[in-house]
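The values are calculated or read from the model by the stated rules, or taken from the named source; none is laboratory data. Note that the coordinates shown come from a computational prediction; the quantities given were computed from them, not determined experimentally. With ideal geometry, Cβ positions are generated from the backbone for all residues, glycine too; neighbour counts draw on all protein chains shown.
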Amino acid sequence: MRNHILALLATVLLAGCAAADVPATDDPAVKLQQARQLFSVEGRPAQAERLIQEAMATYRESGDAQGLALAHREYAYFLSTPGTDAIIANPGGAQAPASPERLKRALGEMREASTLFAQLNIFDRLSNTAMGEARIEHDLDDTAAACASLTRSLAASDKQTALHPDRKPNLPPGMNSFADLIGHFRKEYGCPP
């Protein structure tokens with residue numbers, strides 16, 4: 001009998017958590033980190049989405065525009081991750097590309113993040129979100145929009161470099177500059193020279 005009571009108590013306590021076996025926290029930045037782990041590594045998108053929404057609400061309520069931008073960006077990544085909608089509907093199911101509807105929602109979230117980063121003059125993050133917009137637009141077969149977003153990404157990177165010449169972007173091997181990286185994507189996406 002005692003074991004049944006303990007099991008029931010554990011179930012009730014875990015049910016109150018946004019994601020069972022994820023340490024509870026009030027810190028929205030930690031919630032975003034936990035969410036990324038849940039959807040990109042552990043295949044638990046329903047729990048991840050709940051944590052992202054909680055972080056977004058906390059940032060909105062506290063008036064933290066930068067945090068809110070980060071939450072919008074994370075939600076865009078979540079929505080555009082292949083298979084997240086299929087996993088929610090059919091846990092253990094095969095991964096499929098994100099549906100066009102989810103990609104459009106992801107693009108809206110990424111654009112919201114870009115708008116906030118632009119208003120805050122956080123150009124390194126703006127460069128990142130503009131590149132994220134380009135990837136989603138490319139996935140939606142909107143080459144013109146993807147190319148325009150890549151141009152905005154490079155412009156934001158140039159502003160970041162002008163303000164902070166000592167800070168260098170993280171680049172993949174074989175890329176000598178952010179312009180090289182953008183050039184690579186422009187070619188991959190079929191942008192005009």
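Considering the stretch 108-124, the residues that are buried (at least 24 other Cβ atoms within 10 Å of the Cβ) and not hydroxyl-bearing (Ser, Thr, Tyr) include one that is farthest from Tyr77 (Cα to Cα), namely Phe117. The set of residues in the stretch 132-144 being free of Cβ contacts under 8 Å to residues at least 40 places away in the same chain and under 19 Å from the mean Cα position of the chain (by Cα) consists of Glu133, Glu137.
Yes/no per residue for (1) among the charged types (D, E, K, R); (2) closer than 22 Å to Gln66 by Cβ; (3) modelled with pLDDT of 95 or more; (4) surrounded by fewer than 21 Cβ atoms within 10 Å (Cβ to Cβ):
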residue	(1), (2), (3), (4)
Leu126	no, yes, yes, no
Cys147	no, no, yes, yes
Arg152	yes, yes, yes, yes
Tyr189	no, no, yes, yes
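Residue check: is Asp180 surrounded by fewer than 11 Cβ atoms within 10 Å (Cβ to Cβ) and among the acidic types (Asp, Glu)? So that I can check it myself, show each step before the final result.
On the way: surrounded by fewer than 11 Cβ atoms within 10 Å (Cβ to Cβ): no; among the acidic types (Asp, Glu): yes.
No.
Checked against (1) aliphatic (A, V, I, L, M); (2) modelled with pLDDT of 95 or more; (3) not in a helix (DSSP H, G or I), Ala98 passes all but condition (2).
Please work out if Gln53 is surrounded by fewer than 22 Cβ atoms within 10 Å (Cβ to Cβ), out of contact with any Cys (no Cβ under 6 Å at 6 or more places or on another chain) and modelled with pLDDT of 95 or more. First the steps, then the outcome.
Working: surrounded by fewer than 22 Cβ atoms within 10 Å (Cβ to Cβ): yes; out of contact with any Cys (no Cβ under 6 Å at 6 or more places or on another chain): yes; modelled with pLDDT of 95 or more: yes.
Spelling it out, Gln53 is indeed surrounded by fewer than 22 Cβ atoms within 10 Å (Cβ to Cβ), out of contact with any Cys (no Cβ under 6 Å at 6 or more places or on another chain) and modelled with pLDDT of 95 or more.
Within the stretch 54-75, the set of residues being assigned to a helix (DSSP H, G or I) and free of Cβ contacts under 8 Å to residues at least 12 places away in the same chain comprises Ala57, Arg60, Glu61, Ser62.
Among the residues that make up the stretch 140-149, is at least one of them within 14 Å of Tyr77 (Cβ to Cβ) and out of contact with any helix residue (DSSP H, G or I) (no Cβ under 7 Å at 6 or more places or on another chain)? Give the derivation first.
Going through the stretch 140-149, the residues within 14 Å of Tyr77 (Cβ to Cβ) turn out to be none.
Scanning the stretch 140-149, I find no residue that is within 14 Å of Tyr77 (Cβ to Cβ) and out of contact with any helix residue (DSSP H, G or I) (no Cβ under 7 Å at 6 or more places or on another chain), so the answer is no.
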